[in-house]
Every structure is written in C-alpha cells, then in structure tokens.
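These notes concern the structure reproduced below.
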Amino acid sequence: MIKETVDFIGIGAQKSGTSWLWSLLRAHPAIWMPPKKELHYFDRSLKYSSSAKYLASEHFFRRMVSQQPHNQAFRKKFASSLLQAYEARNWSTLQWTLRYYCRTYNDRWYVSLFKEGKGLVKGEITPSYSLLDTEDVQHIKQLFPNLKIILLLRNPIDRA
C-alpha cells in the first residue's frame with residue numbers, strides 16, 4: 001500500500017490557463033509542484049490520443065532499446081530534458097528528471113515524483129487527464145481517495 005499522497009490534480013481543456021495556474025502554484029511556498037508541468041502517468045497508455053505515448057512502455061530498458069515510434073520519441077524527450085536541466089545547472093531538477101525518465105513506471109514511481117514536497121500540499125497539472133476513461137479514473141480514486149480535482153475550462157469561442 002502506498003502511504004504518500006498527492007493532494008490535487010489539475011485537468012482541463014487545452015489553452016484554458018493550465019500553464020498559468022501551474023506557474024502560480026509552483027511559486028507558492030506552501031505548495032510543491034514537479035518541475036515538469038504534465039506528468040502524463042495516468043494517460044500514457046497507447047489507447048489515448050495524448051502526446052504521452054512516449055511514456056507507454058513500462059520498463060526503462062524497453063524504452064531505451066525498442067525501435068517502436070513511441071520509444072524513439074521517449075529517447076528524444078529524455079535527452080532534451082536532461083540537457084535542459086544540465087544547462088540550467090539545476091541539480092535538483094536534473095535528479096528529478098532522472099527519476100522521471102529512468103525508473104519503471106508504476107504507482108510507487110508516480111508517488112516518488114512528489115517526495116521533495118514532504119510537508120507541503122502536493123499536486124500536478126496534466127490537462128489531458130480530463131479525457132481518462134472510467135477505469136483510469138477509478139484507479140486514481142483508489143490511489144488517492146481524498147484527491148481534489150481542479151478543472152479549468154474556457155469558452156471554446158474565446159479559445160479559438
């Protein structure tokens with residue numbers, strides 16, 4: 001059983017202010033947000049049309065050696081993220097990035113992404129979680145029964 005928890009998840013439509021909200025919450029001293037806005041753990045399956053397909057393979061070795069297009073995309077994102085953290089000389093972000101990309105993807109891994117937030121309110125924002133199927137929503141509810149959802153919407157006409 002996983003004892004650690006995530007307090008909230010932000011979901012919503014594209015271009016509805018989720019990046020703005022992420023940056024505000026990340027700056028708040030009582031809230032801990034990951035250095036990456038969209039974690040895509042719950043929508044990484046190939047059954048979804050999200051951009052998270054690069055996380056579809058559960059095991060790091062497969063992500064590194066497989067020639068499937070989603071694993072090739074993983075290697076590009078992995079290299080780019082490492083380089084970005086290194087060039088910024090942000091060692092805590094580099095360490096977090098290695099944890100994000102190099103471990104086996106499972107519920108313990110997901111919760112480990114929030115370990116730096118011990119004692120703070122912890123959450124993430126992945127807008128495409130708003131399109132999860134019932135099975136994946138139930139999985140989230142089982143993991144985090146007291147989870148709060150922040151839903152951001154925008155008038156589609158204004159968005160266009």
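The values are calculated or read from the model by the stated rules, or taken from the named source; none is laboratory data. What you see is a predicted model, and the numbers here were worked out from it, not measured in a lab. Here Cβ is always computed from backbone atoms with ideal geometry, including for glycine, and neighbour counts include all displayed protein chains. These accessible areas exclude ligands, DNA and RNA; they are computed on the full protein's heavy atoms, side chains included. Shrake-Rupley method; radii C 1.70, N 1.55, O 1.52, S 1.80 Å.
Quick look at the values:
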quantity	calculated
From LYS77, LYS141, residue being in contact with a Phe, Trp or Tyr (Cβ under 7 Å, 6 or more places away or on another chain) and either on the phi < 0 side of the Ramachandran plot or part of a loop (DSSP other than H, G, I, E, B) (or both)	LYS77
Unmet criterion (only one of (1) within 20 Å of ILE9 (Cβ to Cβ); (2) assigned to a helix (DSSP H, G or I); (3) of a type in the set (Gly, Ala, Ser)) for SER92	(1)
Enumeration of residues in segment 100-127 that are of a type outside the set (Val, Ile, Thr) and open to solvent by 30 Å² or more (accessible area, probe 1.4 Å)	CYS102, ARG103, ASN106, ASP107, ARG108, LYS115, GLU116, LYS118, GLY119, LEU120
Search result, residues across segment 134-160 that are of a type in the set (D, E, K, R), under 19 Å from PHE42 (Cβ atoms) and in contact (Cβ under 8 Å) with a residue 24 or more places away in the chain	ASP136, LYS148
Hits in segment 12-28 - residues which are in contact (Cβ under 8 Å) with a residue 12 or more places away in the chain and in a loop (DSSP other than H, G, I, E, B)	ALA13, GLN14, LYS15, SER16, GLY17
